[in-house]
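Asks: Quick one: the structure is below, questions incoming.
What follows is calculated from the coordinates using simple rules that are stated; it is not laboratory data. Values in this document were obtained by computation on a predicted structure and should not be read as measured data. Methodologically, a virtual Cβ is constructed for each residue, glycine included, from the backbone with ideal geometry; neighbour enumeration extends over all protein chains shown.
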Amino acid sequence: MTDPRLALMAELRELAAAPMPAFDPDLADDFAATGRRLPFESQYFARRRHLAAVAVAGDAPALDEVLAAVCDERSWALPAHWGEEDAARCVDLFACETAQTLAEILVLRHDITVGDRVRAEIGERVIDPLFDSEAPFWWEERISNWTAVCAGAAGMAALALGLDHDRIRARILPALQSYLFSFGPDGGCVEGVDYWVYGFGYFTYFAEAWREATGEDLLAGNEAIASFPAAAQLHPGSFATFGDSHSDPMLPPGLLARLAERLGTPLPATERTPAFADDHTARWAHLTRTLDWGREPGGTVAPGRTLLPDVGWFVERRRVDGRMWALAVKGGYNAEPHNHLDLGSFIIAVDGEQLLCDPGAGEYTAAYFGPERYEQTHPSAAWHSVPTLEGAAQQPGEDSRAELADTGDGLEIAVDAYGDGALHRAFTWTDEGVALVDAGPEIVESFVSRIRPELEGGTAVWTGERGTVVLHGVDPETAAVEHVDTTGHDGSPERLWALRFALAGALRFELL
């Protein structure tokens, strides 16, 4: 068992010795002009990474320098979140995280000279706007990862600054309780594993800080939520990518270790210890809790099947010829936080490589979170493995829903998301592969991958690095292969392929 803290400290010492990264404040206006977030955010998070490294492993002059620079920033919130309000007092995810970071640095380090200014900025930008406001912030009412991160980070900042516990209890605990109520009994997170790490991570971090300060235990009884990553795992280091997720999310060892210790929950398996650089937003809470709590927790991935009926996720893993194959299927509804038009979509993976994929998260832009969301590649119905019915694609909205039922020898999905038409989709995993039966009016199938399919008569073949899947039952008269060039979440180029054809009979995926 390797202690991840040794590698983390070596990485932090190297980062702390480097100069403070360049920062162009004018890039804050780039989002309004272009809708792109990455130009400003890349430098913002580079500065936060430097701040964390210097606070943990650097000298006082370097820390004073970066603390002063952060205090000089126009806003601690991201430009994409400013809206109509005063940017300097915008209480978003990253303003709250910055407030927590700075407040805990004041507790950690007593050799800085700008402490009074730091404390004043935390109060003016986050603590006062939040704790003095009578009206609720939108994230206190529309529950998502924002609820837990903003409340949890601001609450930890307040604890570090010594605010009265009754004030903290009155403002923070109701929001966090609402966040917990957003989970069903199965503990599934509609936003996916990445946002489980983010939201439930910050809930856990605050809960443990609150327990230390008051003796009250907010974490007890949340075993089902804590177990979600293990349920969604396809292979060590690989998870279902429904919604705005990634196949290999950064799982903080400290968070996993503390949940296993406190709640006895199963640990998802990891292939490697994450570095600080793997967290692209350089979260202080993940870093410091791993340094405090984290030994590499291990974990295993065994064959099995899991249905999470409340969140509408199904995962089955089988070992075939020495490799771990996985089938993951998505239900739910088409108005979820970070929603994609993906009801009934599925993933087929081998040893963690998705041969039939879910595209996961695209690059976050103004359009991606605006009225044009479903015209963007990653959230659209066209780039998920879901069919059209009578030429109609899935529709967004609360009423577009899919119910999953485990039949014992397979999975059935009832999808009501096409207006007048309805889709019945059934998967059965046999010794011959995964059979798929679709029923509905005038079905045109669509199967999406990052691998180009090769058509051979009535079959389509996707050949990956770790295995091959062959689809039998393709209609060669109507089959067409399309592709789209897009950008991934980090802005890197990405190409997706889609096989589309009119359904003519039963389908079967052969696993090779």
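Asks: For the chain, what is the mean residue ellipticity at 222 nm derived from helices alone (per DSSP H run of n ≥ 4: -39500 (n - 2.57); sum divided by total residues; nearest 500 deg cm²/dmol)?
Replies: Value at 222 nm, helices only: -10000 deg cm²/dmol.
Asks: If you plug each phi of segment 24-38 into the Karplus form 6.51 cos²θ - 1.76 cosθ + 1.60 with θ = phi - 60°, what whole-Hz ³J(HN,Hα) values come out, in order, with x for Gly and Pro?
Replies: 9, x, 5, 5, 4, 8, 5, 4, 5, 7, 10, x, 8, 9, 5
Asks: With viscosity set to 1.002 mPa s at 20 °C, what whole-number translational diffusion coefficient in µm²/s follows for the chain from Stokes-Einstein and a Kirkwood radius over Cα pairs?
Replies: 89
Asks: What length, rounded to one decimal in nm, is gained on full extension from SER492 through to GLU212, with 0.36 nm per residue of separation minus their alpha-carbon distance?
Replies: Net length gain for the segment: 96.6 nm.
Asks: Can you tell me the orientation of helix 93-108 relative to the chain, as the angle in degrees between its alpha-carbon axis and the longest Cα principal axis, to the nearest 10?
Replies: On a 0 to 90 degree scale, this one is about 40.
Asks: Work out from phi, with θ = phi - 60° and the Karplus expression 6.51 cos²θ - 1.76 cosθ + 1.60, the ³J(HN,Hα) of each residue of segment 419-426, listed in order in whole Hz, and give x for Gly and Pro.
Replies: Taking θ as phi minus 60°, the curve returns x, 6, x, 9, 10, 10, 10, 9 Hz for segment 419-426.
Asks: Which longest uninterrupted range of the chain lacks any GluC sites (Glu not before Pro) assigned by DSSP to a loop state (not H, G, I, E or B) and surrounded by at most 15 other Cβ atoms within 10 Å?
Replies: Formally, the longest exposed-site-free interval is 272-371.
Asks: Placing unit charges on C-beta atoms (Lys and Arg positive, Asp and Glu negative, everything else neutral), compute the dipole magnitude of segment 304-511 about its Cα centre in debye, rounded to 20.
Replies: Value, rounded to 20: 500 debye.
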